[in-house]
Amino acid sequence: MTQALYRKWRPQLWDEVVSQEHVIQTLKNAVSGERVAHAYLFSGPRGTGKTTAARLLAKAVNCLAEEKTQRPCNECLHCLAVNENRFMDLIEIDAASNTSVEDVRDLRDKINFSPSQGTYKVYIIDEVHMLSTAAFNALLKTLEEPPPHAIFILATTEIHKIPSTVLSRCQRHEFRRVPLGEITRRLDEICKTENIKARPDALNLIARQSSGGMRDAISLLDQLASTGEEITLELAQTVLGTATNQAVIALIQAVVDREPSHGLDEIQHALDSGADARALARQVVDYLRNIMLVQMGNGEQVETTADVRAQMTAHARALPASDVLRMMRAFNAAATDPRGGWAPSLGLELAFAEMLELPAQAEASQAASRPAVKPAAQAEKAGAISKTPRPAGESKTTSPVTLEQVVKEWRQISALVKKANADAAALLNSSKPLEIRDGVLLVGFVSDILQEKFNRPENIELTCKAIREALQVDLPVQGVVAGGKNALPANVRPDGMVAAALENGGEIVDVQ
Ligand SMILES: Nc1ncnc2c1ncn2[C@@H]1O[C@H](COP(=O)(O)OP(=O)(O)OP(=O)(O)O)[C@@H](O)[C@H]1O
Ligand SMILES: [Mg+2]
Ligand SMILES: [Zn+2]
């Protein structure tokens, strides 16, 4: 098995440590001035160099190089022994697995033996916050009177869990998150040396994902490099799960198109395939935030693929800024809602419904009072409210055609669909135009399965196109089950929450 990249790239000399200059300089000075303390406490986030620095210090205090400023030299017998993990006087203890007081007593007993190889016995106690109180007390005794040949280096990610009695006996050093640019530079260096092909934007994404932890960054790079492919932004996004979810785009598209059934389908489909409702809501918020950046003219800050960027730009034009804000609020609430255990999708569906349930009247007055963000966006929005072009404010219930006209042309419509897709036409042949409700043509099917098939976006699109050709109108359509047990009551809007609930097995228990 090959060695993990992050191990292979553990700094062996002070100068190889990235960032953390304040700590490294003090330790270097202590070594060259022979003023090394007996107890250190290194704190800071994961993978920022604590264990690395502890080992460097252990190596430096035992290095045989004449010139003290050159310690560790990485060449003498002791340095090599440390590098190869066979230096007897470097003892690494993982407090996470040695938490008991016996473990610490055991350590205290051993401590009194002088170093066997080097000048100092160095004890590195990692994850020291995991020690039990009794173990801490035992350790404290040792820290109070350390033998002259012993150096303790305690490391922790959780400084607040360390008793003040211990803190006060240690020289403390705080490790900081490594800045983005420094991580990217290190990754680039590793790629060049290891012959890993990676695009700069991909390395940048990896660096951002690791939020200041160098080990995480190198591990992610390792993981991506193991695919053997060039590391592109697309690959990185896919593997890291940061790719803009197609479901998110489809959901926003459904809002733009005023297609509630598509939106609810997307939600259901995403959850069925294992997505987490709150995570999905978060992704919607992220996407909306990017739309907002595009609207404010800061689109270049958004790191994404060309395809998604094109989608995002179209959505940024189609949605007024105020709607984007409103949606962010609604989906943010869904993302942070602690409830929803019994119906995890509810928050999402409510957020989605909230976007669509705006009465046309409110929309019109909102459009009038809206600050003139972008005239183009507003013009597009007027068209985007529905696929049916109509002036904003007009009631949704009017339709440019009557049901009779549609029925008369139904065979013709089905023939037009057949040219593009015979299966879709077969579906239409077993259907019946029922009524035009709220500007939507309801197409009846005898079964759930047929209705579901018909409601797939590609079939809906084909049908709408055929209607446009046959009748010169834009008429949204929706398949419903007619006559069967799942038929919707007449007073239920087919595209509303109630319909969705009924379709998902709900029952109407009360009508107010
Ligand atoms: N400051 C840094 N400069 C260069 N490489 C670093 C730095 N910090 C971490 N690394 C890389 O990450 C690996 C792990 O670092 P290290 O073990 O020192 O982290 P740590 O702070 O002890 O983390 P933990 O709290 O998880 O124990 C190193 O082998 C090295 O490859
Ligand atoms: Mg460590
Ligand atoms: Zn040396």
Going through 418/453; 110/161; 28/192; 50/197; 50/141 one by one, the pairs whose alpha carbons sit over 18 Å apart turn out to be 110/161; 28/192; 50/197; 50/141
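Trypsin sites (Lys or Arg not before Pro), restricted to segment 44-149: which are DSSP loop and have at most 10 other Cβ atoms within 10 Å?
Answer by residue number: 86.
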Loop only by DSSP, 12 or fewer other Cβ within 10 Å of the Cβ. Give me the chymotrypsin sites (Phe, Trp or Tyr not before Pro) in segment 108-169 that pass, ordered by residue number. 113
Once the principal axes of the Cα atoms of segment 5-174 are found, what is the range along each, listed largest first in whole angstroms? 41, 34, 30
Loop-only check: which GluC sites (Glu not before Pro) in segment 3-109 are DSSP coil with at most 15 other Cβ within 10 angstrom? 34, 66, 67, 75, 84
Relative contact order (%) - criterion: Cα under 8 Å, at least six apart; region: segment 180-240: 39 percent
Spin-label point model (7 Å from Cα, Cβ direction): what's the residue 456 to residue 432 distance in nm? 2.6 nm
Apply the Karplus curve 6.51 cos²θ - 1.76 cosθ + 1.60, θ = phi - 60°, to the phi angles in segment 137-148 and return the couplings in whole Hz, x for Gly and Pro. 4, 5, 5, 4, 4, 5, 5, 5, 9, x, x, x
Between residue 46 and residue 305, what is the spin-label point distance in nm, taking each point 7 Å from the Cα along the Cα→C-beta axis? 2.8 nm
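Using the Cα centre of segment 147-224 as the reference point, and only Cβ charges (+1 on K/R, -1 on D/E), how large is the resulting charge dipole? Debye, rounded to the nearest 20. Let's see the in-between values first.
On the way: 12 positive and 9 negative charges, 37 e Å.
It works out to roughly 180 debye.
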Listed by chain and number, the residues whose amide H is under 5 Å from that of residue 125, excluding neighbours fewer than 5 places away on the same chain and using placed H, are 93, 153, 154, 155
With a bin width of 10 angstrom, please list the P(r) values of segment 96-236 as percents of all Cα-Cα pairs, from the 0 bin to the one holding the largest distance. 11, 30, 19, 21, 17, 3
List every residue whose amide H lies under 5 Å from the amide H of residue 443, counting only residues 5 or more places away in sequence or on a different chain, with H placed 1.01 Å from N in the peptide plane. 434, 478, 479, 480
Using modelled backbone amide H atoms (1.01 Å from N, in-plane), which distant-in-sequence or interchain residues come within less than 5 Å of residue 39's amide H? 152, 171
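No lab work stands behind these numbers, since they all come straight from the coordinates. Everything quoted here is computed from the prediction, not taken from an experiment. A quick note on method: Cβ atoms are made from the backbone with ideal geometry, for glycine too, and the neighbour counts reach across all protein chains shown.
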